[in-house]
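Encoded as structure tokens, the structure appears first; notes follow it.
What follows draws every value from the coordinates through simple rules; no lab data is involved. In this text, all values refer to a predicted model and were calculated from it rather than measured experimentally. Note that we place each Cβ from the backbone using ideal geometry, even for glycine, and neighbour counts take in every protein chain shown.
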Amino acid sequence: MKARLADIAAHADVSEATVSRVLNNKPGVAHHTREAVLTSVDVLGYDRPARLRRKTTDLVGLIVPELTNPIFPAFAQVIETALARHHFTPVLCTQTPGGVHEDDYVQMLLDRGVAGIIYVSGQHADVTSDPHRYTALRERELPIVLVNGYNETIDAPFISNDDVASMELALTHLVQLGHRQIGLAIGPDRYVPVIRKMEGFRSSMRSLLGRADVEELIERTMFSVEGGDAAGARLIERGCTAVVCGSDLMALGAIRAARRVGMRVPEDFSVVGYDDSPLIAFTDPPLTTVRQSVQAMAEAAVRALLDEIAGEPAPRAEYIFRPELVVRASTGACPSR
């Protein structure tokens, strides 16, 4: 073993202690150094320890909600492409109402020996959900990364969109157009992104318009076209001239509600979506929306997971990405009433 360590160390131009740490899969070795040592192992004809042997196919679980909302396929596509560039094969697990539960998917992934799991808007985003399902995975040292839905009790990297800033961007735009009676159509308030959006809505309405009590302007509904339709109809009845929605699908529903009562968008009623889903620029009218940084967030999630797999864990923190307001034709000046 001594001669072997010395040979590898000399070839990789590192210390024998560093070679020992790499071969025993210990943390604290830079990625490029680790790769140099393993390359030397291969070049010199030594057998890698079993846990460090290259696999022909390394599997990574990717758990996302239903694919009817186009933002989730967008995340999945970027993540799958980024994983493939690093020779990992993603196993896509989609959750549908009444379908396979997240926990069942995880057990299936564990049975197949996945190298790690990326969750996009999973159970971790639900404040009523038990975080033990994630802490148990960390106790067995399985690398995981969670997207959108921070929970400080889970020892893992989190990638999040800045939901508070999203509301500030949308409301500033509408206030500049003269709107004062602005509604928020949002999903169930047990989800972290929803809670944060409501906090951002309240804060921005207070700072921009001096309005402290805006609860009657918040409609909690389903994240769907039908949910947006129902919420939009109720907010129109309360005299709202504009609405910010929690998803692009909800925004399409709000537009449908406005047209059903003879209102024009944006001449009579302005609508802001959320996500900037694919093809949303081609709706009638093209939708003003808050764009999540899907590309950057998804690639950051993959980088964090690969670091975890390589034994170089990312700091346990929430990495927050700034959104962007994309102004199109569904918002306009407030009509005179």
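Computed over region 2-52, the percent of Cα pairs more than 17 Å apart is 19. For the pair Asp155 and Glu139, label points projected 7 Å from Cα toward Cβ lie 1.1 nm apart. Rounded to the nearest 500, the 222 nm mean residue ellipticity of the chain from helices alone is -13000 deg cm²/dmol, with -39,500 (n - 2.57) taken per DSSP H run of at least 4 residues. Cα centroids of region 52-117 and region 133-179: 19 Å apart. Assuming R0 = 22 Å, can you tell me the calculated FRET efficiency for the pair Asp213 and Thr172, based on Cβ-Cβ distance, to the nearest 0.05? With a Förster radius of 22 Å, E is 0.60.
Note that the chain shows a convex hull volume over its alpha carbon atoms of 142 Å³ per residue. Looking at the chain, the DSSP beta bridges with both ends there are about 10 percent antiparallel. For region 48-155, pairs of C-alpha atoms spaced more than 18 angstrom apart make up 50 percent of the total.
Computed about the Cα centre, the dipole magnitude for the chain is approximately 280 debye when only Lys and Arg (+1) and Asp and Glu (-1) carry charge, each at its Cβ. Label region 179-235 by shape, choosing from rounded, prolate and oblate, from the square roots a ≥ b ≥ c of the eigenvalues of the Cα gyration tensor; if a/c is under 1.5 it is rounded, and otherwise prolate applies when a/b is larger than b/c, oblate when it is not. It comes out oblate by the Cα gyration axes. Counting charges near Phe158 (Lys, Arg +1; Asp, Glu -1) among other residues having Cβ under 11 Å from its Cβ returns a value of -2.
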